[in-house]
Each structure stands twice: as structure tokens, then as C-alpha cells.
Amino acid sequence: RTWAAWATHELAPMVYPNLTKTYGECRRALSYADGAFGPMDALLIKHVGALGMSLAHGKIKRKYGIEDERAALFEKLATWEARIGDRPFRGGDAPDLADVAVHGVLGAVAGLPARDDVVEAHPKI
């Protein structure tokens, strides 16, 4: 449970600033709206939502004392990799709750530039 809580309280806060580095990345994170809402609603969600996300970016960085969002995320991922060691999962041969929690946190960035950077820098994860 300790590592599942770590995923929620240590890793997850590092993800948001990595999704919202630029207005364009914020819009891309909200691109799901195109298929989920009507054209006008999707337009508003993508543009107004991206503006809100951009404005919150700095506040979140200050709250967690983040200077370089990618470095902060990669530091947390290095901690996770060290915990896994040579095993396929933290739980050993099969995933445990912590593995599922980390997968869930990182699943939030699927299809976004932050995910590409994570996979390139930390292929084991």
C-alpha cells in the first residue's frame, strides 16, 4: 500500500505540469473532447479548458516546488525503476496494487508528448 500511495501522492503530482507545459500541449490533452461532445462544446472545452490548464501550470509547480517538470517526473520514475530492480514488476512476476497504480498514473499521458518522453527515457516502465 505504501507504493500505491506513493503513486498517488508523489508521482501523480509530477504528471500534470508535464501535460501543461504549453498552451498547445494543454489543447492536445483536451483533444478527447472532439469525439465526446458536440462541435461547439468541444471547441469551448479545448480552448477555455486549455487556458485554465495553462494558468494552473505555474501554481501547481510552485505548490510542489518543481523547477523543471521533466526532471522532477524523471526523478520519480528513477525511484520507481530502482524499486522494481531486475523484476518485471514491483510485485515480482505479477503486478501488485502499486504496479497498477503507477500504470494508471502514467496511462493519463498516453498519446501525449510527455508519454513519448517517458518511454524514451525510461523504457522499462
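The values are calculated or read from the model by the stated rules, or taken from the named source; none is laboratory data. Predicted model only: the values in this text are computed from it and were never measured. Cβ: placed from backbone, ideal geometry, glycine included. Neighbour counts: every protein chain shown. We work out accessible area using only protein heavy atoms, side chains counted, and drop any ligands, DNA or RNA first. Shrake-Rupley method; radii C 1.70, N 1.55, O 1.52, S 1.80 Å.
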Considering every residue within the range 55-62, establish whether at least one is open to solvent by 50 Å² or more (accessible area, probe 1.4 Å), out of contact with any Leu (no Cβ under 6 Å at 6 or more places or on another chain), within 27 Å of Trp3 (Cα to Cα) and basic (Lys, Arg). yes
Which condition does Asp99 not pass, out of (1) more than 22 Å from Arg28 (Cβ to Cβ); (2) surrounded by 17 or more Cβ atoms within 10 Å (Cβ to Cβ); (3) touching a residue at least 24 places away in the same chain (Cβ under 8 Å); (4) among the charged types (D, E, K, R), if it passes all the others? (3)
Within the range 22-35, can one find any residue that is under 20 Å from Pro113 (Cβ atoms), in contact with an Asp or Glu (Cβ under 6 Å, 6 or more places away or on another chain) and touching a residue at least 60 places away in the same chain (Cβ under 8 Å)? no
Looking only at the range 1-43, count how many residues are open to solvent by 80 Å² or more (accessible area, probe 1.4 Å) and not in a helix (DSSP H, G or I). 4
Report yes if Gly38 is modelled with pLDDT of 95 or more and out of contact with any helix residue (DSSP H, G or I) (no Cβ under 7 Å at 6 or more places or on another chain), otherwise no. yes
